There are 4 protein chains.
Amino acid sequence: MKLAVIYHSKTGNTKQAAEWIAEGMNRVGDVEAQAFSIDDADTAFIGEAKGVVIGCPSYMATMTPDMRTWLMQGGKLGLAGKLGGAFATEQYTHGGGEMVIQSLLTNELVFGMLCWSGGASLGKPVIHMGPIAVNGNMEPHNGMEHYREVFLIYGERFACKAAELFG
Amino acid sequence: MKLAVIYHSKTGNTKQAAEWIAEGMNRVGDVEAQAFSIDDADTAFIGEAKGVVIGCPSYMATMTPDMRTWLMQGGKLGLAGKLGGAFATEQYTHGGGEMVIQSLLTNELVFGMLCWSGGASLGKPVIHMGPIAVNGNMEPHNGMEHYREVFLIYGERFACKAAELFG
Amino acid sequence: MKLAVIYHSKTGNTKQAAEWIAEGMNRVGDVEAQAFSIDDADTAFIGEAKGVVIGCPSYMATMTPDMRTWLMQGGKLGLAGKLGGAFATEQYTHGGGEMVIQSLLTNELVFGMLCWSGGASLGKPVIHMGPIAVNGNMEPHNGMEHYREVFLIYGERFACKAAELFG
Amino acid sequence: MKLAVIYHSKTGNTKQAAEWIAEGMNRVGDVEAQAFSIDDADTAFIGEAKGVVIGCPSYMATMTPDMRTWLMQGGKLGLAGKLGGAFATEQYTHGGGEMVIQSLLTNELVFGMLCWSGGASLGKPVIHMGPIAVNGNMEPHNGMEHYREVFLIYGERFACKAAELFG
């Protein structure tokens, strides 16, 4: 079963987060997960995927213009009916990652996707809408590495759910 | 297959909208759909349901306190894994129904539900996140009856999706 | 006192809404209000304006990519400290106009603007976050003309507030 | 000039955050700032205040039912025209604090308040919509103390803005 993670990344942090999710997905048997930049997305792979997770950094507490523009073609990607997830990165804990996830999920609903995060139903960590990483640029106590585990777990949970529904 | 619509209603408008959704669901074969007020919800029926749609009016562009309070027990309802939807009523076109739906869906994600609206994937009417009805109290050109058809269609689409996934 | 309305419009509906807001603003003494497309915005005028209202259509329940891209330069427009408002147009009552307004206001907060809608404090019509017009393409009972009055009132209230604060 | 911070707190973390904001406010000359629990709010003081900041924890990525209920009486508090701000606490970086702030600000707009965060207009730290603290219960690298400084700065900036507008 194919699963795709699609991201927009400027500095590499969001790419890193996307790859952690794909790594977590690939822990699940019979899953072939790949992470793609929006600049280099394999639309054939995405079309065959049973689930797609989308993420980008928060710019001004909103998704990036690049991602917003890219999503306009989402209707052509055949995403309807697939399992959908979202994630974000940000520079501050209050920096807008949740607004980004909520907007991404709203776009996924419009595509006809089945949005799912697991929430509190799988115990700790609770992953409310999707995982967020805060880099260490502005908050020295933070940094990408602190969030590695939650992205791996999110990817694994997402793949298990996709396998349960469509495997 | 059981499906539940759960609502909070003061004036009866949201109850009416909930019943339209249930009516649309019952158009689909082998579906037994019922609408319940939060004051009188049949938790056994809800527990057996494969999909749950939740709705309430917009008060101050936010869900009602009654619904917010009721949802705190949502974890005990066993909603994880069910198909989830949301709807709202409002007094003005700009009155907050979409904020209500977005908050309800966020709560459903935290319960571990699969959120789905159909979006643009089933043609017109596009139902972005969920249906909203504006009553005619403040906007004379509006009124509940104008929205009857979209609630019926939403219910029918939701039931078809639930049957496809879990039937 | 200068006031600006800035919009992105494809079909002319959002341009119409922007012009109604400016017309309402110009009802207030000593106000010089103008509406500008993002393609032709007079940045000198905007820089001198004491208040700025921003609006666009809902595409997929999100602001348009054009507006999202344009707002990235907002930091250079010197919007900090100005009174800020937002509006939207949509094709369906549930079509995402409120999500658009909420995202626009979030961007305005990041610019350091003072966001204000009047809300319920000025009686009816209550304007919760900002005005929204639904055109008649998909909902025959709707149409731009039904919303003319609320856009005029919003513009007038906004100008009165700007005059009270900065006049 | 009086300024009020109003909070709902169960464990004491949100109370702590509220007191940091009030402490930051009191750094500004001629400011008398106080933090009040919703259970013990001095409505006379709040009525005289020129600015009010409201905050609560995130429960299920939404404001607490207690705060939601309390805000229904907000119309009687005479908040219209006051400067408004919001803050939140959460257990996870992705835990919903931003959704809480956005809902609180939406309610403040409905009251007719002037919402302001400073955003990026005052340099670093950028405070997008309002400050958020993540306690250390679930994320060992996090903890309230890491956020003390940003709450103090937010309070100070808020008081300076209120003094500029209404002092």
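The values are calculated or read from the model by the stated rules, or taken from the named source; none is laboratory data. Predicted, not measured: the structure shown is a model, and the values here were computed from it. A quick note on method: Cβ atoms are made from the backbone with ideal geometry, for glycine too, and the neighbour counts reach across all protein chains shown. These area figures cover heavy atoms from the full protein model, side chains too; ligands, DNA and RNA do not enter into them. Shrake-Rupley method; radii C 1.70, N 1.55, O 1.52, S 1.80 Å.
Table for the structure above
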item	result
Neighbourhood charge, 13 Å Cβ-Cβ cut-off, centred on residue B:42 and excluding it, Lys, Arg +1 and Asp, Glu -1	-3
Fraction of antiparallel bridges per DSSP, the protein assembly as shown only, in percent to nearest 5	15
Portion, in percent, of the accessible area of region C:1-151 that falls on carbon or sulfur, probe 1.4 Å	45
Kirkwood Rh and Cα Rg combined as Rg/Rh, region B:43-120	0.98
Total accessible area lost when A and B pair, probe 1.4 Å, Å² to nearest 100	1700
Hydrodynamic radius of region D:78-167 per Kirkwood, over alpha carbon pairs, in Å	13.8
Cα-Cα separations in the protein assembly as shown greater than 37 Å, expressed as whole percent	31
Computed magnitude of the charge dipole of chain C (debye, nearest 20; Cβ of K, R +1, Cβ of D, E -1)	300
Residues with amide H under 5 Å from that of residue D:5, placed H, sequence gap 5 or more	D:34, D:35, D:36, D:53
Within region D:47-139: Cβ-based charge dipole about Cα centre, in debye rounded to nearest 20 (Lys, Arg +1; Asp, Glu -1)	280
Calculated from backbone phi, Karplus (6.51, -1.76, 1.60) coupling profile of region C:9-17 in Hz, x at Gly/Pro	9, 9, 9, x, 5, 6, 4, 4, 4
Pseudo-label separations to other copies for residue B:11 - Cα-to-Cβ vector, 7 Å, nm	2.8, 4.1, 4.9
Those lysines that a straight Cα-Cα span of less than 23 Å connects to residue A:10, excepting residues fewer than 8 apart in one chain	C:76, D:124
Spread of Cα-to-Cα distances over 10 Å intervals beginning at zero, given as percent, for region A:87-136	26, 45, 28, 1
Chain A Cβ-axis minimum, rotational copy D, residue and distance in Å	A:98, 2
Amide H within-cut-off set for residue B:86, under 5 Å, with H built and near neighbours excluded	B:54
Average beta-carbon neighbours from other chains, 10 Å sphere, peptide C:11-22	0
Cysteines not pairable in chain D (beta carbon separation under 4.7 Å absent)	D:56, D:160
Surface accessible to a 1.4 Å probe, per residue, for the residues of chain D, Å²	31
Over region B:1-142: Kirkwood hydrodynamic radius from C-alpha pairwise inverse distances, Å	15.1
Per-copy distances of the residue A:43 label point, shortest first, in nm (7 angstrom along Cα→Cβ)	3.5, 5.0, 6.1
Environment charge at residue B:135 (Cβ cut-off 11 Å; Lys +1, Arg +1, Asp -1, Glu -1)	-3
For chain A, with +1 on Lys and Arg beta carbons and -1 on Asp and Glu, the positive-most of A:36, A:99, A:137 along the dipole	A:99
7 Å along Cα→Cβ, label-point gaps from residue D:167 to other copies, nm, shortest first	2.5, 6.2, 6.7
Residues along region A:62-103 losing 50 Å² or more of accessible surface when the other protein chains are present rather than the chain by itself (probe 1.4 Å)	A:62, A:65, A:68, A:72, A:92, A:93, A:94, A:98, A:99, A:102
Surrounding net charge for residue A:70, when Lys and Arg each add one and Asp and Glu each subtract one, Cβ distance under 12 Å	0
Gaussian network model of chain B, Cα within-10 Å springs - most flexible of B:122, B:71, B:105	B:122
Pairwise centroid distance, computed over Cα atoms, of region D:127-167 with region C:80-139, Å	26
